[in-house]
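Working notes for the structure below.
The values are calculated or read from the model by the stated rules, or taken from the named source; none is laboratory data. All of these numbers come straight from a predicted model, not from anything done at the bench. Heads up, the Cβs are rebuilt from the backbone with ideal geometry, glycines too, and the neighbour counts pull from every protein chain shown.
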Amino acid sequence: MIQRLQSIYLFLAAACSGLLILLFPTFTKGELLIMATGDATFLSLFLLSTAISIFSLSRYKNRKLQVAMGRLNIIINFILFAALLYTYFAAYKDEGGSMGLALFIPIVVITLISMANRRIMGDEQLVRAADRLR
């Protein structure tokens with residue numbers, strides 16, 4: 001059911017957390033680019049977020065499970081963003097480092113999943129309203 005708008009949001013969230021971390025640096029320190037794939041913790045959290053988005057995308061018939069997986073994914077991305085910010089301020093800010101674009105991918109993913117959850121809950125309300133009319 002990729003034609004539903006919430007499925008497109010979930011697909012974009014999976015693509016952001018799975019592919020963009022390979023393209024953009026997380027931190028820069030002088031001319032050195034530090035990628036999220038270099039740290040096992042960051043890589044595992046990004047891949048977990050991708051897996052949950054894909055799992056949620058495949059469960060389009062179970063809207064309650066989709067919303068629950070979306071909420072779990074939002075929590076994981078908040079933890080990931082906090083860990084990335086902590087790492088930046090603890091290790092790279094004092095040494096003249098700067099933030100890369102991959103640092104903000106969790107915020108994009110949180111936004112996309114929030115929009116998907118809103119659409120999924122709207123579908124659930126439509127189904128409940130149709131059930132009341134029967």
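Within the set of pairs 6+ apart or on separate chains, which have a first residue in the range 80-96 that is farther than 24 Å from Leu47 by Cα, a second that is basic (Lys, Arg) and at pLDDT below 90, and C-beta atoms under 8 Å apart?
Matching pairs, first to second residue: Glu95/Lys29; Gly96/Lys29.
Quick check, is Glu124 modelled with pLDDT under 95, loosely packed, with under 15 Cβ neighbours inside 10 Å and in contact with a helix residue (DSSP H, G or I) (Cβ under 6 Å, 6 or more places away or on another chain)?
yes
Could you please find all residues in the range 37-86 being among the polar types (S, T, N, Q) and either surrounded by 14 or more Cβ atoms within 10 Å (Cβ to Cβ) or in contact with a Lys or Arg (Cβ under 7 Å, 6 or more places away or on another chain) (or both)?
Selection gives Thr37, Ser49, Thr50, Ser53, Ser56, Gln66, Asn73, Asn77.
Let's see how each residue does on (1) under 14 Å from the mean Cα position of the chain (by Cα); (2) at pLDDT 90 or above; (3) closer than 22 Å to Val127 by Cβ; (4) not small (Gly, Ala, Ser):
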| residue | (1), (2), (3), (4) |
| --- | --- |
| Ser17 | yes, yes, no, no |
| Lys29 | no, no, no, yes |
| Phe46 | yes, yes, no, yes |
| Ser56 | yes, yes, yes, no |
| Gly96 | no, no, no, no |
